[in-house]
Amino acid sequence: GSVYFYQKNYVTPIRTANSGKNFEQQNEKILEVFKGSKSVFINHNDIGLIHLSDKIVWVTTTNNETYQTSFSLTELANELSSSIFFRLNRQVIISRKIIKGYSRIDYQKLEILIDDNFPTELNLVVSKYNAPNFKKWLTNSI
């Protein structure tokens, strides 16, 4: 018989800002992202879209600035507020702030229409299985 030892590092992707601000600002959640060798902290309210491309998770802010993060989409989906963010599919998490609406496409899928000031070449499609949940989320019926 042999002994198997496994150690897992737990990393919390989001920390609470605790500077000398008022109580509401102290509880704002932020996310650490990277651009080149620079590490930046962005507020959850500034996130517009998170997507996976070439095994890298990219975070795009509402100001169209793109950063990368070391966290997986699953970790981020669990940490982000479900009232503001929705996981469209395996590759994309979207913020309510940039959504203008949706259009129905083939096989009961939904194509997401986003703000014109937020250009993206991503395929923002919700499957027919997630479409009812997306509609409820978008209309605050959850």
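The values are calculated or read from the model by the stated rules, or taken from the named source; none is laboratory data. What you see is a predicted model; the values in this text were computed from it and never measured. Every residue, glycine among them, receives a Cβ derived from its backbone with ideal geometry; neighbour counts consider all protein chains shown. When the accessible area is computed, the model is the full protein with side chains, heavy atoms only, and any ligands, DNA or RNA have been set aside. Shrake-Rupley method; radii C 1.70, N 1.55, O 1.52, S 1.80 Å.
Annotations for the structure displayed:
- In plain terms, the chain from residue 78 to residue 131 could stretch by 17.1 nm, reckoned as 0.36 nm per residue minus the Cα-Cα distance.
- Summed over the residues of region 36-141 and divided among them, the accessible surface reaches 60 Å² per residue at a probe radius of 1.4 Å.
- Taking 10 °C and 1.306 mPa s as conditions, region 56-101 diffuses translationally at an estimated 141 µm²/s according to Stokes-Einstein applied to its Kirkwood radius (Cα pairs).
- Taking the Cα centre of region 80-142 as origin and assigning +1 to Lys and Arg Cβ atoms and -1 to Asp and Glu Cβ atoms, the resulting dipole is close to 320 debye.
- Convex hull of region 29-142 built on C-alpha atoms - directionally averaged projected area, nm²: 7.1 nm²
- Packing order of peptides 111-117, 81-87, highest average first: 81-87, 111-117 (average count of other Cβ atoms within 10 Å over each peptide's residues).
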